[in-house]
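Input: a single structure, listed below in structure tokens.
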Amino acid sequence: MPSCSRTWSAQLLIRFSRILAVAFAIVYTAGVSLAQEAADAAPQAAAGENMLVKTWNALGTMYAIVFLLMSIILVALVVRAILAVQKANFVPEDLVQGIEASLAENNPQAAAELVKADESFLGNLLNAGLGQLTKGKEAVLEAMQVAGDAETMRVEHMLSYIALIGNIAPMVGLLGTVQGMVASFGAIATSPQTPKPSVLAVGIEQALYTTLVGLYLAIPAIVIYNILRNLVQRQIQHAGAKSEELIEKFQDAAK
């Protein structure tokens, strides 16, 4: 019986590559468009500016592109993670049903073939356990524990990139804040007379906007990371319990 999760990792990689390609195309197009719009709208009064153009001008081209890239990459990472944490990638129902049906027919070899052909979290645990089946229950559980730790690390490593965006975004915002304040105080220090408020406002506006956009990115990134991490933990527990249940059936069939 073929497993729907057999090639899930390859399909996920292809989908993620496509998402990134589209993301960078969007970043380039949006960056050129917004930069042109900002240049066209520069002579206008601030009250008449489009909000996107105002934000772009306040951030400056460098920070605007950095935050735009980070937001697109964050969306791509979240989509990738959502695809990866589906139940079918941890405990595929067709695999469980196929194993139980084969063992019920007293055909452990067919059940073992199903496990070998599956690349899900459960499939990898069972593969590790079946390799130690002749060495006793303790060896089987130890092998499954090692495989489970490796699979858990792989999934958490994937999710950690979302947390990385959540941690980096406020730091980039803080960098912009410091740079904006340095620019404002630099204007005061180098001016022979009291600088106009509009001159000081440029640096202060950048300082505030970079912090604001950094937090706009960081807060949802951290929230999504924790939600997905909790979901993964539940899926891992479910996969672990189901793997122990199925490996016991394999051991009974072997007897």
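The values are calculated or read from the model by the stated rules, or taken from the named source; none is laboratory data. Note that the structure is a prediction, hence the values are computed from the model and not measured. As a convention, Cβ positions derive from the backbone with ideal geometry for all residues, glycine included, and neighbour counts pool all protein chains shown.
Restricting to the range 89-109, name every residue that is farther than 24 Å from GLN233 by Cβ and surrounded by fewer than 15 Cβ atoms within 10 Å (Cβ to Cβ).
GLN97, GLU100, ALA101, ALA104, GLU105, ASN106, ASN107, GLN109
Taking the range 110-149 only, how many residues are crowded, with 19+ Cβ neighbours inside 10 Å and on the phi > 0 side of the Ramachandran plot?
0
Specify which of the listed residues (ALA239, ALA221, ALA253) is within 30 Å of VAL91 (Cβ to Cβ), modelled with pLDDT under 80 and buried (at least 16 other Cβ atoms within 10 Å of the Cβ).
Numbers: ALA239 fails: modelled with pLDDT under 80; ALA221 fails: modelled with pLDDT under 80.
Within the list ALA239, ALA221, ALA253, the selection yields ALA253.
Specify which of the listed residues (LEU95, LEU77, LEU125, LEU114) is assigned to a helix (DSSP H, G or I) and touching a Phe, Trp or Tyr at 6+ places or on another chain (Cβ under 6 Å).
Values: LEU95 fails: touching a Phe, Trp or Tyr at 6+ places or on another chain (Cβ under 6 Å); LEU125 fails: touching a Phe, Trp or Tyr at 6+ places or on another chain (Cβ under 6 Å); LEU114 fails: touching a Phe, Trp or Tyr at 6+ places or on another chain (Cβ under 6 Å).
After ruling out the rest, the residue left standing is LEU77.
Yes/no matrix, rows are residues, columns are (1) of a type outside the set (A, V, I, L, M, F, W, C); (2) at pLDDT below 90:
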{"position": "ILE73", "(1), (2)": "no, no"}
{"position": "ILE82", "(1), (2)": "no, no"}
{"position": "LYS87", "(1), (2)": "yes, yes"}
{"position": "GLU93", "(1), (2)": "yes, no"}
{"position": "ALA117", "(1), (2)": "no, yes"}
{"position": "PHE121", "(1), (2)": "no, no"}
{"position": "GLY131", "(1), (2)": "yes, yes"}
{"position": "THR134", "(1), (2)": "yes, yes"}
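Output the number of residues of the range 120-162 satisfying the condition of being acidic (Asp, Glu) and under 21 Å from ALA84 (Cα atoms).
Step one: of the range 120-162, the residues acidic (Asp, Glu) are 138, 142, 149, 151, 156.
Now restrict to residues that are under 21 Å from ALA84 (Cα atoms): 149, 151, 156.
Adding up the residues that qualify gives 3.
So, ALA88, is that one of a type outside the set (Ser, Thr, Tyr) and either outside any helix (DSSP H, G or I) or in contact with a Ser or Thr (Cβ under 7 Å, 6 or more places away or on another chain) (or both) or not?
On the way: of a type outside the set (Ser, Thr, Tyr): yes; either outside any helix (DSSP H, G or I) or in contact with a Ser or Thr (Cβ under 7 Å, 6 or more places away or on another chain) (or both): yes.
So ALA88 fits the description; yes.
Take the conditions surrounded by fewer than 20 Cβ atoms within 10 Å (Cβ to Cβ) and in contact with a Gly (Cβ under 9 Å, 6 or more places away or on another chain) and apply them to THR152. Does it pass?
Details: surrounded by fewer than 20 Cβ atoms within 10 Å (Cβ to Cβ): yes; in contact with a Gly (Cβ under 9 Å, 6 or more places away or on another chain): no.
For THR152, the condition - surrounded by fewer than 20 Cβ atoms within 10 Å (Cβ to Cβ) and in contact with a Gly (Cβ under 9 Å, 6 or more places away or on another chain) - is not met.
Find the residue count for the range 131-184, including only residues that are part of a helix (DSSP H, G or I), of a type in the set (Gly, Ala, Ser) and touching a helix residue (DSSP H, G or I) at 6+ places or on another chain (Cβ under 7 Å). Working first, answer last.
Initial filter on the range 131-184 (part of a helix (DSSP H, G or I)): 133-135, 137-184.
Checking the rest, the ones that are also of a type in the set (Gly, Ala, Ser) come to 139, 143, 147-148, 150, 160, 163, 166, 169, 173, 176, 180, 183-184.
Cutting the leftovers down to touching a helix residue (DSSP H, G or I) at 6+ places or on another chain (Cβ under 7 Å) gives us 143, 147-148, 163, 166, 169, 173, 176, 180, 183-184.
Residues meeting the conditions: 11.
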